[in-house]
Amino acid sequence: MAAESFWPADSVLISDGGLATELEARGHDLSDALWSARLLSDAPQEIAAVHTSYFRAGAKIATTASYQASFEGFYAHGIGRDKAVELLGRSVELAATARDATGGTLVAASIGPYGAALADGSEYRGRYGLSVAQLMRWHRPRLEILAGAGADLLALETVPDIDEAEALVDLVRAVGKPAWLSYTIDGTRTRAGQPLTEAFAVAAGVDEIVAVGVNCCSPDDVQSAIEIASAAGKLVIVYPNSGEQWDGHAWTGVSRFSADLARQWIAAGARIVGGCCRVTPADIAALAGIARRR
């Protein structure tokens, strides 16, 4: 699956920003283990509204509200398997409806890491004590459902270590669905401490992986990651956090996410650029302006 089947290699696509950020700004409490996925059941129109706001700001890609969705998480909320499957499909439907209404381009079905479903911050540590085979068994049902739900591609995102990347890449190869692979990092290493050169090598020779990069990290770590990711021979995707820090109770510090930094990332070779936690539609609008002026 060639990346050019989605977009020309010399173009820049703007992805969306923080879905949960905007849902919280709209007054929703996302403190339970399902996070934004809870609203797939409780307030789907709010998820659709946020997708719409990002598309109207100039994003061309919407990432679905399935990042922290898991069968275990749904079961804990009294939601059985059939309803859980329906809600996973709804995450794609909501993004696709917003895309079609606003002239957007792509819907990426979010495949968050195993640690996200644990809701204990372990996606920022990795090393869960599970083998690649065990991680494949855990991810397979959700990934297969989302792969068949009508999204344009899968977002294998916020991956903290190579074992989980290997599991996800093997599953994507098996289902034949295009995807991007995006690590959460600290400096030039995964959160589990592995060199990014080794992490991106997981995608080598896998046609279904159309882009590699980083997300849910500091903006300060993006520039060096682009150089390393470029050697993988794939398109490069970056969508960091704002740079603020979560202290367990509240966000602290100031945002360092800026259009000027994004311009540097594009100059360095990033071809899909957006934001993650605390990045807003206004931030995405600024990125879209840069992309239009290239």
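The values are calculated or read from the model by the stated rules, or taken from the named source; none is laboratory data. Computed from a predicted model, the values in this text were never measured in an experiment. Neighbour counts are summed over all protein chains in view; Cβ atoms, including those assigned to glycine, are modelled from backbone coordinates with ideal geometry. Accessible surface is based on the protein model in full, side chains and every heavy atom, while ligands, DNA and RNA are left aside. Shrake-Rupley method; radii C 1.70, N 1.55, O 1.52, S 1.80 Å.
Just one of the listed residues (G73, G78, G103, G126) is touching a Gly at 6+ places or on another chain (Cβ under 8 Å), surrounded by fewer than 24 Cβ atoms within 10 Å (Cβ to Cβ) and either modelled with pLDDT of 95 or more or not charged (D, E, K, R) (or both), namely G126.
Of all residue pairs spaced 6 or more apart or on separate chains, those with beta-carbon atoms under 7 Å, a first member in the range 266-291 that is at positive phi and a second member that is open to solvent by 40 Å² or more (accessible area, probe 1.4 Å) are G269/S230; R278/W251; R278/S255.
Among the residues of the range 151-165, the ones that are under 17 Å from the mean Cα position of the chain (by Cα) and open to solvent by 10 Å² or more (accessible area, probe 1.4 Å) come to 3 in all.
How many residues are within 24 Å of V210 (Cβ to Cβ) and part of a helix (DSSP H, G or I) if we restrict to the range 100-137? Here the count works out to 8. Take the range 191-216 and flag every residue that is buried (at least 24 other Cβ atoms within 10 Å of the Cβ), touching a residue at least 40 places away in the same chain (Cβ under 8 Å) and not aliphatic (A, V, I, L, M). Residues satisfying the conditions are G213, N215, C216.
Working only within the range 182-202, note down all residues that are in contact with an Asp or Glu (Cβ under 9 Å, 6 or more places away or on another chain) and small (G, A, S).
The answer is S182, G187, A192, G193, A199.
Per the conditions (1) in contact with a Phe, Trp or Tyr (Cβ under 6 Å, 6 or more places away or on another chain); (2) modelled with pLDDT of 95 or more, the sole criterion not satisfied by E244 is (2).
Of these, A62, A49, A20, which one is hydrophobic (A, V, I, L, M, F, W, C), closer than 30 Å to S230 by Cβ and either open to solvent by 20 Å² or more (accessible area, probe 1.4 Å) or without any contact (Cβ under 8 Å) to a residue 60 or more places away in the chain (or both)?
A62
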